[in-house]
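The values are calculated or read from the model by the stated rules, or taken from the named source; none is laboratory data. Values in this document were obtained by computation on a predicted structure and should not be read as measured data. Cβ atoms come from the backbone with ideal geometry, glycine included; neighbour counts cover every protein chain shown. Protein only, heavy atoms only, side chains kept; ligands, DNA and RNA dropped before computing areas. Shrake-Rupley method; radii C 1.70, N 1.55, O 1.52, S 1.80 Å.
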Amino acid sequence: MTQLSLLGLSGSLRRASNSTAVLRGLQDALGFRAALDIFPLHGIPLYNEDDDAEHAPESVRALRSAIEASDGVIMISPEYNHGMSGVLKNALDWASRPYGVSALKGKPVLTMTASPAFTGGVRAQQQMNETLASIPTRPVFRPQIVIAGVHEKVRDGRLIDEAAIGFAVAGVDDLLEEIRAVRSVRKAA
């Protein structure tokens, strides 16, 4: 059986990003369950429809290709002013265009948030899920994965807190089940 391929998108550009640290911790914890590649959003310009379609920047074409090549996507965002990061929203805007040809359409997606606050970014997660529903992706419905006090759970650029890793991996297992369900439906068709 071929190993499933997951794409990780972090809504933080910071060198010491806690969101990216969560993805790195998941890479370590997934073992042979799936391969998780993290796609950096640093080079994605602000969305401008004039620069889309055949004029899309190379960084955007690379993002769309990475999404299309993956079996599923894990998105994690910090919470800024009670919402998801502009970086992630911008990447979703690019990935969901041109209208009707979204690289994310029907793609199984798992959302997570991480914050130093005790709420763990729960309000940002609501925005993420609302945006993903409009694309439309195949969001994994499960208890929200919010990592509160994340700054205390990261060391050397990786999530190390066993409880947080366990909860996040359970979410990834749900994502993998959704991917397998999508594959079986396509195979039966």
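Given the residues A133, A117, which is the only one that is at pLDDT below 95, open to solvent by 30 Å² or more (accessible area, probe 1.4 Å) and part of a loop (DSSP other than H, G, I, E, B)?
On the way: A133 fails: part of a loop (DSSP other than H, G, I, E, B).
Of A133, A117, the one residue that is at pLDDT below 95, open to solvent by 30 Å² or more (accessible area, probe 1.4 Å) and part of a loop (DSSP other than H, G, I, E, B) is A117.
Would you mind stating whether K105 is touching a Ser or Thr at 6+ places or on another chain (Cβ under 9 Å) and surrounded by fewer than 23 Cβ atoms within 10 Å (Cβ to Cβ)?
Details: touching a Ser or Thr at 6+ places or on another chain (Cβ under 9 Å): yes; surrounded by fewer than 23 Cβ atoms within 10 Å (Cβ to Cβ): yes.
Yes, satisfied.
For residues that are at pLDDT below 95 and either hydroxyl-bearing (S, T, Y) or within 13 Å of the chain's Cα centre (by Cα) (or both), tally how many sit in the stretch 18-46.
Looking only at that region, the number is 0.
Taking into account only those residues within the stretch 148-166 that are among the β-branched types (V, I, T) and more than 10 Å from N18 (Cα to Cα), which is least open to solvent (accessible area, probe 1.4 Å)?
Of the residues in the stretch 148-166, the ones among the β-branched types (V, I, T) are 150, 154, 160, 165.
Those still in the list that are more than 10 Å from N18 (Cα to Cα) too: 160, 165.
Numbers: I160: 66, I165: 24 Å².
By that ranking, first place goes to I165.
Do we have S17 as farther than 14 Å from A95 by Cβ, among the polar types (S, T, N, Q), open to solvent by less than 10 Å² (accessible area, probe 1.4 Å) and out of contact with any helix residue (DSSP H, G or I) (no Cβ under 6 Å at 6 or more places or on another chain) here? Before the answer, list the steps.
On the way: farther than 14 Å from A95 by Cβ: yes; among the polar types (S, T, N, Q): yes; open to solvent by less than 10 Å² (accessible area, probe 1.4 Å): yes; out of contact with any helix residue (DSSP H, G or I) (no Cβ under 6 Å at 6 or more places or on another chain): yes.
In short, yes.
Of all residues in the stretch 84-112, count the ones that are more than 14 Å from S19 (Cβ to Cβ) and aliphatic (A, V, I, L, M).
Qualifying residue count, the stretch 84-112: 6.
Scan the stretch 1-51 for residues that are touching a residue at least 24 places away in the same chain (Cβ under 8 Å), among the charged types (D, E, K, R) and within 23 Å of E79 (Cβ to Cβ) and jot them down.
R24
Yes or no: the stretch 47-69 includes at least one residue that is at positive phi and outside any helix (DSSP H, G or I). Full working, then the answer.
Taking the stretch 47-69 as the starting set, the residues that turn out to be at positive phi are 53.
So of that shortlist, the ones also outside any helix (DSSP H, G or I) come out as none.
No, the stretch 47-69 has no match at all.
So, in the stretch 172-188, how many residues would count as being over 16 Å from D28 (Cβ atoms) and under 16 Å from the mean Cα position of the chain (by Cα)? Please lay out each step first, then the result.
As a first pass, look at the stretch 172-188 and keep what is over 16 Å from D28 (Cβ atoms): 174-188.
Applying the additional criterion that residues be under 16 Å from the mean Cα position of the chain (by Cα) yields 174-176, 178-179.
Looking only at that region, the number is 5.
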